[in-house]
Each structure stands twice: as structure tokens, then as C-alpha cells.
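The values are calculated or read from the model by the stated rules, or taken from the named source; none is laboratory data. Computed from a prediction, not measured in an experiment: that's the story for all the values here. Ideal geometry is used to build each Cβ from the backbone, glycine not excepted, and the neighbour counts take in all protein chains shown. In case anyone asks, the SASA skips ligands and DNA or RNA and just uses the protein heavy atoms, side chains included. Shrake-Rupley method; radii C 1.70, N 1.55, O 1.52, S 1.80 Å.
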Amino acid sequence: MSKVMVMNHPLIQHKLTLIRDKNTSPKDFRALLNEVALLMAYEVTRDLPLKEVEIETPICRTKSKMISGRQIGVVPILRAGLGMVDGILELVPAAKMGHIGLYRDPATMKPVEYYCKLPIDAEQRDIILVDPMLATGGSAVAAIDCIKKRGCKSIKLMNLIAAPEGIAVVQAAHPDVDIFVAAVDEKLNEHSYIVPGLGDAGDRLFGTK
Ligand code: PRP
Ligand code: URA
């Protein structure tokens, strides 16, 4: 069974409260979401392997550590996942990006895929799949299916807010994918929106409603 890591760092929790507030403007929503994504990326990358290298400081030669091994691929689920990308790339600027386009059919709530383009060497990278909302879990499962079809073996899922239902669905379908969230909320409502949640992440991010 995969791990679920809830990041309860005070800065993350403070910014999450501002993001949830319905009076927060799209401009502030965008800025805050990227700030939280940066802080979350710090934790998501905590287990990156290190290698020892020899360097010369202005004083002497010394051994020091650098990240080694596989490189990172950041894959947002469109649209709302885009709102977390800049924050992550500030920490890992050398990461390559993929994009997966999915929307929930408003009648069935099932994900409809309209785009999937991953880095050419995706299977050699550690993939961080990002989306602010994990509701029914349908979009995340479909996105992970698509990434695994390309041969990727190392995938982490990063969400701002998750519903317990969505976590269970992802864990059942992809027990090898660890989930990193800022909050696990109470439940889904009758329209499969997260309660209390933050509303529609894409609409709030892009001001489309
Ligand atoms: C939202 C959100 C997730 C999905 C989560 O996207 O950004 O991708 O819903 O719901 P699920 O867990 O029930 O699948 P939406 O479908 O609203 O598309 P958008 O980002 O294009 O607005
Ligand atoms: N998508 C959103 O944007 N918000 C939710 O609460 C659920 C799905």
C-alpha cells in the first residue's frame, strides 16, 4: 500500500487557508498555490539520492554532496495542475515537463483524456504528477495509467487537497504511487466536489467562473 504524507508545516497550512477562502482573488490564488507547491516539492524530493563529489573551495579541496541518479519529470494534469508548476520548477529548474489533459465529464464525473505528452526520456525520470485536487480519484488514476504506459516506474502524486475517497481509489489502482498532500478533507458532496475544499480549482486559478 502506498504512503500518504500530509504536510502540516505551518507555512503550508497558513497559505492553504488563504487559498481556500472564497474572497481570495485569482491573482493571489495563483501566487499562493505556487508558494505552497514550492514548499511541498521540498518534502516530495526529500529522498533524492546523493553522491559525494570532490570540489575545491577558495580554502581547500573537500568532499561534498550532490544529487545523483535519476532526473525529475514534472507532469501537471491540465488545467489546474499548471498552477503548481512554477513553484516546483523554482526548486528543480532542470526538471523536464510533461502535460496530461483531462477534464471531468460533468454528467458522469469520469475523466476524459484529451492530451498526453511526456518527456522523451520519461521512463528514466522520477515523475511528480501534480494536481491541486484529488476528488473521486478518477483523473489521477487515468493520468498515472497514461504515465505507466510510457514505461515510467517511479511516480509520486502531489495534491493540495484530497478527499478520502480519492486517496482510496488511487491506492487501490496504483499501490506503488505515494501521495503527498497539504490536507485530507472530510468528504465529497453530491457533485463530487471536495468538502470543505476550495471550489473549482481551475476556475479559481484562471478566473473562468
Ligand atoms: C479538477 C482537478 C482534477 C480533477 C479532480 O479538474 O483539477 O484534475 O478535477 O477530480 P477527480 O479526482 O474527481 O477526477 P477538472 O476536471 O475540473 O478540469 P479543469 O482543471 O480543466 O478545470
Ligand atoms: N475539482 C475541483 O476543482 N474541485 C473539487 O472540489 C473537485 C474536483
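Normalised by the residues of segment 129-209, what does the relative contact order come to in percent, with Cα pairs under 8 Å and at least six apart? That works out to 31 percent. Measuring between their Cα centroids, segment 152-181 and segment 63-134 lie 13 Å from each other. Considering only ALA41, VAL53, THR24, and ranking their Cα positions along the charge dipole of segment 22-64 that arises from unit charges at the beta-carbon of Lys, Arg, Asp and Glu, the one farthest toward the positive end is THR24. Distance between the 7 Å Cα→Cβ label points at MET1 and LEU48: 3.1 nm. Here the chain has 56 percent of its accessible surface on carbon and sulfur atoms, given a 1.4 Å probe and all protein chains in place.
A 1.4 Å probe run over segment 66-209, with the rest of the protein chains in place, finds 44 Å² accessible per residue. Only Lys, Arg, Asp and Glu carry charge here, each on its Cβ (+1 for the first two, -1 for the last two); on that basis the chain has a dipole of about 300 debye about its Cα centre.
Please label the shape of segment 1-157 as rounded, prolate or oblate, based on the square roots a ≥ b ≥ c of the eigenvalues of the alpha-carbon gyration tensor (a/c under 1.5 means rounded; beyond that, a/b larger than b/c means prolate, else oblate). Oblate is the answer for segment 1-157, as a/c is 1.5 or above yet b/c matches or exceeds a/b. Spacing of the modelled spin labels on TYR114 and LYS65, each 7 Å from Cα toward Cβ, amounts to 4.4 nm. DSSP bridge analysis restricted to segment 1-147 gives an antiparallel fraction near 55%, rounded to the nearest 5. The C-alpha atoms of the chain define a longest principal axis, and helix 138-149 lies at about 40 degrees to it.
So how much slack lies between THR17 and ASP145, counting 0.36 nm per residue of separation and subtracting their Cα-Cα distance, in nm?
42.9 nm
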